[in-house]
Structures are given as structure tokens and as C-alpha cells.
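Visitor: Okay, here's the structure, questions in a sec.
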Amino acid sequence: MPDKLNIAIFASGNGSNFRAIHEAIIGGKIRNAQIALVISNNSDAGALEIARGFNIPAMHISRTQYRSDDEFNATLIGALAKHHINFIALAGYMKKIDASIVGAFRNRIVNIHPALLPKFGGNGMYGMYVHEAVVAAKEKLSGATVHIVDDEYDHGIIVLQKTIVVEPADTAETLAARVLNIEHEIYPEAIRLFAEGKIKIENGKVIISQ
Ligand code: GRF
């Protein structure tokens with residue numbers, strides 16, 4: 001077994017993906033992992049409330065509290081070090097992760113995106129905008145993607161994807177709800193694979209052993 005995953009969740013919103021991962025850990029589906037810290041840029045984030053309910057350290061750290069990017073990023077890095085974090089899962093985090101953090105956690109930061117990347121990703125493609133664009137493009141399929149975080153939005157190597165059919169009657173809202181359900185399946189599954197050491201990244205490619 002590899003070292004235990006000591007995960008920091010970064011979340012700006014409701015935190016349903018965070019909850020799904022945490023439930024998979026406490027329910028025994030994911031072994032060799034724990035969520036040791038939740039960080040949000042948004043003091044009202046549901047994710048912080050959920051974390052406090054589970055007695056998981058929860059921190060509101062926002063760029064607006066600091067005079068410079070450097071000070072902000074140093075605070076994030078300090079918090080990660082203090083909690084011995086060795087893996088980061090972005091779960092609805094609305095801010096770009098600085099290159100200094102990406103560099104310090106190379107191939108150890110993942111994100112979930114509510115579409116089939118590389119389609120419908122990138123700057124401005126978040127939340128309901130993604131599903132509106134999928135419906136407007138009359139896509140037959142959509143889904144969710146777990147990917148490694150690199151220096152560009154929604155760009156890193158794809159780890160897992162699951163596809164669903166876009167029904168003719170779907171609106172952005174109905175599609176979003178179905179995609180969110182599969183996010184809650186594939187995100188814990190991806191974390192499980194990392195925790196069990198079954199994911200290797202070699203030469204820019206993901207190798208998954210079952
Ligand atoms: C999800 O749709 C995720 O794909 C996106 O942001 C949303 C977060 O939802 N990155 P939640 O806060 O986990 O409920």
C-alpha cells in the first residue's frame with residue numbers, strides 16, 4: 001500500500017462531491033485515505049459547514065484577505081503543510097490553483113468537471129454554463145470527468161470519465177442533476193484508485209491497474 005492519502009478538499013459551494021468522498025471513506029469503500037482539511041474561498045460555503053459537522057478542520061482562506069498573491073498562496077501552502085496534506089481534491093472550487101501549488105503537488109491534485117472534457121471546459125465553463133452549452137449544442141452525450149490539475153483550466157490528464165445520454169427533453173437543470181449524480185460515483189472511485197496506488201502517471205498518460 002502507498003502512503004495514506006491525507007486529502008485537502010478545496011470547495012467554494014455546496015460541497016456535495018466532498019460529502020460523497022467523505023461518505024465513501026467512512027463507509028469503508030475508500031481505504032487508506034482521510035480528509036484532513038477543507039479549504040474554501042467562500043465563508044458561506046456549504047462545504048465548510050459539512051466539514052465542521054464531521055469535525056474536519058475547515059478554513060476560510062480567500063485572496064481578498066491578503067495583500068498579495070504571494071501572501072495568499074503562502075498561507076495556503078502553510079495550511080497544507082500544517083495538516084500534512086499529500087493530495088488535493090478540488091470539488092467545486094471556483095479559483096485557479098497557483099502554479100506554486102501545482103508544482104509542489106505535481107500529479108497529486110485532481111478536479112471534477114461536469115462534462116466530457118476536453119469538450120465544454122476552460123475559462124468561464126463552470127456550473128450551469130456548462131450544461132447550458134451542452135444542451136444548446138444538442139450534444140447526444142454528456143457526463144463527468146475527473147482529471148489531474150495542471151496550470152490550465154480543465155486541461156490536465158483525464159483520470160476517469162462517465163457518460164450519460166442527453167435526453168431531447170433535457171434542460172440545463174435536469175441534465176445538471178443527472179451529471180451531479182454520476183460525479184458522486186466517479187469522484188470517490190478515482191480517489192479510491194489513488195489511495196490504493198492503482199493510478200500511475202507516466203509520460204503524460206494515466207495507467208490504471210485494477
Ligand atoms: C460540480 O458540478 C463540479 O463538477 C463542479 O462544481 C460542482 C460542485 O458541486 N466543478 P458540489 O459543491 O460538489 O455540490
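Just so it is clear, none of the values below were taken in a lab; they were calculated from the coordinates. As the structure is a prediction and not an experimental result, all values here were calculated from the model. Backbone-built Cβ (ideal geometry, glycine too); neighbour counts: all protein chains shown.
Visitor: Roughly what would the spin-label model give for E185 and N86, points 7 Å off Cα along C-beta, in nm?
Guide: For E185 paired with N86, the spin-label model returns 3.1 nm.
Visitor: Need the C-alpha centroid separation for segment 1-68 versus segment 123-194, integer Å.
Guide: 20 Å
Visitor: Let me ask another. Dividing the Cα radius of gyration by the Kirkwood radius, what Rg/Rh value follows for segment 51-146?
Guide: Values: Rg = 16.1 Å, Rh = 15.6 Å.
Checking Rg against Rh, the ratio lands at 1.04.
Visitor: At a threshold of 8 angstrom on Cα-Cα distance, excluding pairs fewer than six apart, so keeping six or more, what relative contact order does segment 114-168 reach in percent? The partial results should precede the final answer.
Guide: Values: 84 pairs, mean separation 21.1, N = 55.
The normalised contact order for segment 114-168 reaches 38 percent.
Visitor: Counting only residues 5 or more places away or on other chains, whose amide H sits under 5 Å from the amide H of K162 once H atoms are built in the peptide plane?
Guide: Here A144 satisfy the definition.
Visitor: How are the Cα pair distances of segment 130-210 distributed, in percent, across 10 Å bins from 0?
Guide: Pair shares across the bins are 17, 41, 30, 12, 0.
Visitor: Further question: Can you give the FRET efficiency to the nearest 0.05 for Q65 and D151, using r as the Cβ-Cβ distance and R₀ = 30 Å? Write out the running numbers ahead of the final one.
Guide: Numbers: r = 24 Å, r/R0 = 0.80.
Here the calculated transfer efficiency is 0.80.
Visitor: Report the percentage of all Cα-Cα pairs in segment 60-100 whose separation exceeds 13 Å, rounded to a whole percent.
Guide: On the way: 471 of 820 pairs.
Distances greater than 13 Å cover 57 percent of the Cα pairs.
Visitor: Another question about this same structure. Pairs of lysine in the chain with Cα under 14 Å and at least 8 positions apart or on different chains: total? Before the final figure, lay out the partial values.
Guide: On the way: K4/K198; K119/K138; K119/K140; K119/K162; K140/K162.
Lysine pairs satisfying the spacing and distance rule in the chain number 5.
Visitor: Quick one: if the Förster radius is 25 Å, what FRET efficiency do A137 and I158 give, using the C-beta to C-beta distance and rounding to 0.05?
Guide: Working: r = 20 Å, r/R0 = 0.79.
The formula returns an efficiency of 0.80 here.
Visitor: Let me know the volume per residue of the alpha-carbon convex hull for segment 1-66, in Å³. Could the numbers behind the result be given before it?
Guide: On the way: hull volume 5.4 nm³, N = 66.
Value for segment 1-66: 82 Å³ per residue.
Visitor: List the pair-distance distribution P(r) of the chain, using every Cα-Cα distance, as the percent of pairs falling in each 10 Å bin from 0 up to the bin containing the longest distance, rounded to whole percents.
Guide: P(r) over the chain, rounded to whole percents: 9, 35, 37, 17, 2.
Visitor: If you take every DSSP beta bridge fully contained in the chain, what fraction is antiparallel? Give it as a percent rounded to 5. Walk me through the numbers before you get to the answer.
Guide: Working: 15 of 31 bridges.
Antiparallel: roughly 50 percent of the beta bridges in the chain.
Visitor: Shifting gears a bit: Given points 7 Å out from each Cα along the Cα-Cβ axis, report the K96 to N6 separation in nanometres with one decimal.
Guide: 3.0 nm
Visitor: How much length, in nm to one decimal, is gained on full extension between T171 and K205, taken as 0.36 nm per residue of separation minus their Cα-Cα distance?
Guide: On the way: separation 34, 0.36 × 34 = 12.24 nm, distance 3.45 nm.
Contour length minus Cα-Cα distance gives 8.8 nm.
Visitor: Also, I was wondering about something else. Spelling out what I want: for every residue of segment 125-141, take phi, set θ = phi - 60°, compute 6.51 cos²θ - 1.76 cosθ + 1.60 (Karplus), and round to whole Hz; glycine and proline get x.
Guide: 3J(HN,Hα) across segment 125-141, in whole Hz: 8, 8, x, 5, 4, 4, 5, 4, 5, 5, 5, 5, 7, 6, 5, 7, 10.
Visitor: With contacts defined as alpha carbon pairs under 8 Å and 6 or more residues apart, what's the relative contact order of segment 5-208 in percent? Numbers along the way, then the final one.
Guide: Details: 379 pairs, mean separation 42.6, N = 204.
Answer for segment 5-208 is 21 percent.
Visitor: So, one more: Which stretch or stretches of segment 73-89 have amide N atoms under 18 Å from the point lying 7 Å from N55's Cα along the Cα→Cβ direction?
Guide: Those under the cut-off are none; the list is empty.
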